[in-house]
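To start, the structure under review is shown below, and the notes come after it.
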Amino acid sequence: MPDDPLTNILRSKRETTRFQVLVEVAEHQPSIRQQEIAEKLGVTPQAISEYVRDLAEEGYISAEGRGRYYVTHKGVEWVLNNAEILESYARHVRRDIIHQVVTWPAIADSDLKAGDSVGVYMKSGWLYAGKRPQTAMGMVTADASEGMDVGVARLAGIIEHTEGKVDVAKVPRIERGGSKMVSMEKFLSLAKNADIIAAVGLEAYLACKNSGIKPDMFFGAREGTVEAAFHGMRCLILVVDEEFTDFLKRLETGGLSYTIHELVNE
């Protein structure tokens with residue numbers, strides 16, 4: 001990466017716009033609508049017309065009839081070169097700058113002092129910092145006692161954690177019997193292994209309550225369950241049958257592992 005990352009394309013608004021116009025032409029060739037490009041880039045159609053003409057004159061664009069343009073080999077090379085510059089600069093920002101200014105909150109697993117090098121790890125869904133080396137390391141920003149929140153800066157590495165499993169149990173809608181159709185024995189057997197219990201639908205909530213367990217989540221339970229599973233928690237969620245399929249799709253979209261359970265006695 002050059003010593004000064006602010007190369008021509010970053011210093012000059014004109015060069016930045018030329019780059020954007022060429023990318024838009026490449027994306028929509030051969031037929032481009034200058035009005036659409038103008039609206040997307042926040043400039044006038046007349047300005048886009050001038051940029052296109054200049055790029056064509058410089059050999060970056062080939063014009064083949066009215067409104068039909070192609071990016072030439074020279075134009076592709078110019079785009080790729082500048083894309084590499086932008087990518088390099090973005091990488092410099094992410095790796096060398098942002099990591100220096102972002103402070104991550106964690107729980108101190110022991111008494112820590114400002115400047116201590118700490119390992120950062122996930123436990124029971126929470127982020128911890130301690131003196132034991134981990135696959136992710138950082139630096140403590142201020143003194144903190146065990147169990148207190150502590151700031152960790154210059155975090156580098158990968159925080160190891162295993163995504164949790166989701167047990168999804170179907171509860172009948174009221175038209176099909178509702179909570180009274182749920183086997184308390186089956187529910188309690190699943191609940192004893194869960195870190196988080198959630199309910200979607202009134203019937204599901206009452207199935208939990210009638211068994212003597214208040215769910216950890218009801219409002220926002222779908223996304224809360226997904227978030228908890230991403231943090232390594234084992235989740236049990238009771239879902240009314242009409243919401244069941246959509247929730248499974250949400251889990252699949254997130255790449256989370258799940259098991260389906262029937263709570264109704266056969």
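The values are calculated or read from the model by the stated rules, or taken from the named source; none is laboratory data. Just so you know, these numbers come straight off a predicted model, no measurement behind them. Cβ placement follows ideal geometry from the backbone for every residue including glycine, while neighbour counts extend to all protein chains displayed. Quick note on the areas: whole protein, heavy atoms, side chains included, nothing else; ligands and nucleic acids left out. Shrake-Rupley method; radii C 1.70, N 1.55, O 1.52, S 1.80 Å.
Accessible area per residue of the chain at 1.4 Å probe, in Å²?
58 Å²
Sorted by packing (mean other beta-carbon atoms within 10 Å per residue), highest first, where do 199-209, 223-233, 124-134 land?
Packing order, densest peptide first, comes out as 199-209, 223-233, 124-134.
In whole angstrom, note down how far apart the Cα centers of region 219-249 and region 59-82 are.
49 Å
Under a no-solvent Debye model with one identical scatterer per Cα of region 167-228, what's log10 I(q)/I(0) at q = 0.12, 0.13, 0.14, 0.26 Å⁻¹?
With no solvent term, the Cα-only Debye profile gives -0.26, -0.30, -0.35, -1.19.
Tell me what the chain gives for mean residue ellipticity at 222 nm when only DSSP H runs of n ≥ 4 count, each as -39,500 (n - 2.57), the sum divided by the residue total, rounded to 500 deg cm²/dmol.
The helix-only estimate for the chain comes to -11500 deg cm²/dmol at 222 nm.
Take the alpha carbon atoms of region 149-178, find their center, do the same for region 15-36, and report the distance between the two centers in whole angstrom.
Computed from Cα coordinates, the inter-centre distance equals 43 Å.
Assuming R0 = 51 Å, can you tell me the calculated FRET efficiency for the pair THR16 and ILE158, based on Cβ-Cβ distance, to the nearest 0.05?
0.90
Using Cα pairs under 8 angstrom and six or more residues apart, how large is the relative contact order of the chain, in percent?
14 percent.
Step by step: find N for region 112-266, compute 2.2 N^0.38 Å, then divide the Cα radius of gyration by it. What's the final number?
1.29
Once the convex hull of the alpha carbons of region 17-76 is built, what does its volume come to per residue, in cubic angstrom?
Looking at region 17-76, the number lands at 67 Å³ per residue.
To check my understanding: the extent here is largest minus smallest coordinate of the Cα atoms along each principal axis. What are those three numbers for region 117-199, in Å, largest first?
Per principal axis, max minus min of the Cα coordinates gives 58, 24, 21 Å.
So what does log10 I(q)/I(0) come out to for region 212-260 at q = 0.21 Å⁻¹, using the Debye formula with one equal point on every Cα and no solvent?
Calculated log10 I(q)/I(0) at the listed q: -0.75.
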